[in-house]
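Data first, discussion second: the structure below is written as structure tokens.
The values are calculated or read from the model by the stated rules, or taken from the named source; none is laboratory data. This is a predicted model, so every value here is computed, not measured. Using ideal geometry, Cβ is built from the backbone for each residue, glycine included, and neighbour counts are taken over all protein chains shown.
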Amino acid sequence: MQDSYALWMYLPGLILFIGGVAFVILNVVLSHLIHPHVRTHEKYLAYECGEDPIGGAWIQFNHRFYLLALAFVVFDVEVVLLFPWVVVFREFGWFGFIEVLVFIAVLLFGLAYAWRKEALVWDKPQPMYQAGPVTVPAVAQEVRTDGASS
Amino acid sequence: MVDVWLERILFYGLALVTVGSALVVTFGRNLVRSAFALFFTLMGMAAMFVYLAADFVALVHILVYIGGILVLILFGIWLTHRVIDLDIRAGRIQLIPGLILGLVLMGLLGLTIRSFNLAARTPAPYRATASGIGRLLLSTYLLPFEIASVALVVALVGAIVIGRRETSR
């Protein structure tokens, strides 16, 4: 394993990054250039028996996402701090292993706290319907009795 | 010689992307667009760290700031009700204090940079820094390493406490 490197070894990363960005831009521009520009009212309607959208697409997200993202950042930083240990794992042996175990144990306490406080439980939407025996509307009952009498 | 020139051109290109996207972040009207422009700013900063021979910092920058903080910012925007339609450019309410603060900060940075004799210094050699950081973290800086985990737990518990208060209404 060599320790020194040249700046050029990062070039593939840069090319990948530029390639990724260019791919997105190229496709959007290309599709804009070659797709047919016929705008009729019918093209903007929901297809056949598709649902008509209610409101805009920019809805408010479930706030649970934020808490989960925060928890993710915490454990992200944990993983990042573990990288330097992994590189020199063999040099430090059991001593380093126990040090890192203490590090992880403290963080596991945080995870246990999150679990205990039900921060990991997802908020389920409340069902709008009432469970129980189905009540037949009065109008429908009338129709049925009419049909039975005739 | 060609190598040096290409490196220099790449550096200025990356610096242009970083500063340009930072300007979009600051002056953009749309919050979501600003957040996505921040991605390019952070990416450019990671490239600057690579140029500074700090490969581990560059990696951490991408992992934590782009992978974590930026996602957090985007969630924060999308979680906020109806903030997308808002024109959120900061007005000129604090023009004078902002100018003073910016100039003072720029002066301090300039003085700091000038206090180093950059021309007399040889550039740091490019070598992998992760193993050196690992050795120091497990020996000399063991206590800060362990305290970091405590700080992370504090952040997590604090987030849960604040988040729970929101849900209990």
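Could you pull out the residue among B:Tyr126, B:Tyr141 that is within 14 Å of chain A (Cβ to nearest Cβ) and at pLDDT 85 or above?
Checking each option against the conditions leaves just B:Tyr141.
The rows are residues; the columns are (1) away from chain A (no Cβ under 11 Å); (2) touching a helix residue (DSSP H, G or I) at 6+ places or on another chain (Cβ under 7 Å); (3) modelled with pLDDT of 90 or more.
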{"position": "B:Leu6", "(1), (2), (3)": "no, no, no"}
{"position": "B:Gly20", "(1), (2), (3)": "yes, no, yes"}
{"position": "B:Gly28", "(1), (2), (3)": "yes, yes, no"}
{"position": "B:Leu42", "(1), (2), (3)": "yes, yes, yes"}
{"position": "B:Ala46", "(1), (2), (3)": "no, yes, yes"}
{"position": "B:Asp55", "(1), (2), (3)": "no, no, no"}
{"position": "B:Ile62", "(1), (2), (3)": "no, yes, yes"}
{"position": "B:Gly68", "(1), (2), (3)": "no, yes, no"}
{"position": "B:Gly76", "(1), (2), (3)": "no, yes, no"}
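Search region B:144-165 for residues being charged (D, E, K, R) and surrounded by 11 or more Cβ atoms within 10 Å (Cβ to Cβ), and hand back the single one that is modelled with the highest pLDDT.
Here is the first cut: in region B:144-165, the ones charged (D, E, K, R) are B:146, B:164-165.
Next cut, surrounded by 11 or more Cβ atoms within 10 Å (Cβ to Cβ) only: B:146, B:164.
Details: B:Glu146: 87, B:Arg164: 67.
Step by step, filter region B:144-165, then rank; the result is B:Glu146.
Could you list, in sequence order, all residues of region B:112-150 that are closer than 28 Å to A:Met9 by Cα and free of Cβ contacts under 8 Å to residues at least 24 places away in the same chain?
From region B:112-150, those closer than 28 Å to A:Met9 by Cα are B:118-137; that's our starting set.
Answer for region B:112-150, where residues must be closer than 28 Å to A:Met9 by Cα and free of Cβ contacts under 8 Å to residues at least 24 places away in the same chain: B:Leu118, B:Ala119, B:Ala120, B:Arg121, B:Thr122, B:Ser131, B:Gly132, B:Gly134, B:Arg135, B:Leu136, B:Leu137.
Residues that are surrounded by fewer than 19 Cβ atoms within 10 Å (Cβ to Cβ) and within 16 Å of A:Ile15 (Cα to Cα) within region B:13-39 comprise B:Gly13, B:Val17, listed in sequence order. In summary, A:Tyr10 fulfils each of the numbered conditions (1) closer than 30 Å to B:Leu137 by Cα; (2) modelled with pLDDT of 85 or more with the single exception of condition (2). Checking each residue of region B:148-169 against the condition of being assigned to a loop (DSSP other than H, G, I, E, B), among the charged types (D, E, K, R) and over 30 Å from B:Val50 (Cβ atoms) gives at least one match. Looking across region A:58-80 at every residue that is modelled with pLDDT of 75 or more and more than 7 Å from chain B (Cβ to nearest Cβ), the one that is nearest to the chain's Cα centre (by Cα) is identified as A:Leu68.
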